[in-house]
Structures are given as C-alpha cells and as structure tokens.
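Below is one structure, written out as structure tokens, with a few remarks after it.
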C-alpha cells in the first residue's frame, strides 16, 4: 500500500493486479508501456500449459518482453486501444495461448498494459468491464508515478552535470531532495554503466527501487547510464540490484556506490559509482558489476587526475604491455616469485628475466619499497 500526501492509503500495483486476477479467474501480468514488468499475479487454477507459456515465463524471469514479442503485440493496435484487445495464439512467436490485453489509460494516453491468458470459457462482458475499471485505476497511478519520476530524473541529471563540490552541485542536490519529497531521507545508491550504447535509458523499473534513470555523458568520453536506486534496508547493496545491473551491462562495466542515507549524498554516490565502473573496466576480476566498497586501491587511483600515470620512469615500461603486466602481477602477489610465476603460467627464470628488464627500463629497484609503490600505482593507474 502507498500513502497519499493527505494520509489516505491507496493500493499498489500488485494489489490491483491481484484484484483483476480475482475478477477474471486467470493470472494477470502488468507491464509498462515500454513492456517492462511491473507486477504479476498467480492463480491457483493455472494449468501446466499456461504456466509454461514461454512469453509469460520470459516476461517474469527477464522482467521485460523481447523486441519481437513487443512488435507482434503492438501490431494489434494495443497502444491506441480504449478497451480490451483479444490476441490469438501464435506458436511461431512463442505465444501458445490467446491473450486479452487491457490498456491501462490515463488522460487518453496508454500508460501500461494488463495481460491475461484467455480462459475457456472466456470472461463475460460484465467481468471485462469491471477489470477495465481497475485498469483505469492502474493507468492513473502509472501516470502519477511517471510525472514524479520525470521530475526526479531531471534533478538527478542536474546533479550529475554539476561536477564536483560547489554551489552548483549544492543547488542541484537541494532540488533533487525536493523532487523526491518524503522519500528524500531514504537509503540510496547510484549505479553507473559505461559505456552505454543504447539510444535511450531503460525504464526505471528494470532495476528494483529505481527512482531515476538517465544518460550521463562524460566530457571527452563515452556516454554512460546513471540510475538512482532506493535501498529499502541495510547498508549493503541488494543482490537484486547487482543482478539487474549485470543484465543492463552486457559487454560493458558497471559500478555501484554507497549506500548512503539521504538524497543529498547522490553526488558523492555518483562519484563512487563512476569510480567503481572505471575500476571494473580496468580490472575484469572486479566486474561485471563492481561495488565501491570492494575496489580496494582503485578508490584512491580513480581520484587521481587524468594523466597521473604519465611518469617519466614508467613511460618506456608502459610501451611493453607484457612487462607491465608481469610486474603488476608480481606486486599483486607481494613479490612472491613462485605465486607470480604460477599466476602468469611462466617459468621462474622467465619471470626473473622480465623483472630485470623492468628495472632496466624504469631505473627503479624492486627491492626498494617506495620504488615498488610507484610501479604498482603507475601500472594500475595507466589502465584506468
């Protein structure tokens, strides 16, 4: 249940979907107008054929429909419909059973779709009319949420564009806090995906608890995706958020900051998420989704200015990737030759030869702690 500003309680999507399922005696599924899953109902009488319908199963497991299924359904005019739309089975498209689509409208705009596996016998007109009234309540709720989400996304983007600390960021954070309203004091984290190659950011519902989703261009770099995510309890990022982030970032890297309490921490959380995403790009073992709390020395390295690795002692070494990787693994293993040789899959004598070449190229002494620190920081920073 959700609470109105005046204290009254209004139903949530799951309750409304369950109400339609009870009215019609079949399981209902609610998707946004972008076909992202919002809620689904379970019906005790659901048979094996319906339960194994591949389109419904994929929607529930992947939290969205495929582009092919979306195109198939849209071909029946559901985006313009004002009443129930019956869609016949299409086994070649994975649609094993006929469906009824109830458009959830508000202000003459379809805000989402309620899907029903058509039973035999089908629902009566009276049942469908009652279900459409509930779908109208869903449409109004979706429209209200979309309007609030647009305001939060706008202010969140301003926070990202404001850069580091300063008056501009403080102003943007104050506006974000106001847009979030009573939720401004909740626990939040920020998710960054880089690079983001899609034209549009995904629906906020693709990641549980997302309050805002927007593209965030990095000056001189690739476009990124940024999400502001509400964390319900605890100080750890929920596994559901990490799973959804991994699904959003195939072939990319993702980073997660925080969590922190309060919307005013969103700027710092973005800095953390971006740093974690950069670390995941540089160090695959940290990815595909890296948490700020788990990136170790990259918490410091990512704060260095661009070009920090351009040290005279390192330039020639960095032109030899095999040698640079060798000394990095050697230092990662605390200078233990046996473990390093095993990790690299080389003979110890090969390792010793490469390390001697590193010393020749850099003029640094691997027996000197400060020289080792410079090398370790330099080769890691170079990959950022």
In units of 2.2 N^0.38 Å, the Cα radius of gyration of segment 315-382 is 0.98
Descending packing, highest mean Cβ count within 10 Å first, for 99-109, 313-323, 263-273 is 263-273, 99-109, 313-323
Here the FRET efficiency for residue 342 versus residue 108, based on Cβ atoms and R0 = 56 Å and rounded to 0.05, is 0.25
Options (i) 132; (ii) 184; (iii) 163 for volume of the Cα convex hull per residue in Å³; the value derived from the coordinates is listed as (ii)
Taking Cα atoms, the helix 321-332 axis meets the longest principal axis of the chain at an angle in degrees (rounded to 10) of 90 degrees
So the angle from the long Cα axis of helix 13-24 to the longest Cα principal axis of the chain, reported in degrees to the nearest 10, equals 40 degrees
Subtracting the Cα-Cα distance of residue 86 and residue 246 from 0.36 nm times their residue separation yields 54.1 nm
In nanometres, the difference between 0.36 nm per residue of separation and the alpha-carbon distance of residue 170 and residue 198 is 7.1 nm
If each part is reduced to its alpha-carbon centroid, segment 232-255 and segment 73-133 end up apart, in Å, by 33 Å
Computed from the beta carbon distance with a Förster radius of 30 Å, FRET efficiency for residue 124 and residue 96 to the nearest 0.05 stands at 0.80
Relative contact order in percent for the chain (Cα pairs under 8 Å, 6+ apart) equals 10 percent
Per the rule of 0.36 nm per residue minus the C-alpha distance, extending residue 261 to residue 373 adds in nm 36.8 nm
Rounded to the nearest 0.05, FRET efficiency between residue 315 and residue 352 (Cβ-Cβ, R0 25 Å) equals 0.60
Measuring from the longest principal axis of the C-alpha atoms of the chain, the long axis of helix 125-161 (C-alpha) lies at a number of degrees, nearest 10, equal to 30 degrees
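Any read-out appearing in this document is the output of simple, stated calculations on the displayed coordinates, not a laboratory observation. Because the structure is a prediction, the values reported are computed rather than measured. Heads up, the Cβs are rebuilt from the backbone with ideal geometry, glycines too, and the neighbour counts pull from every protein chain shown.
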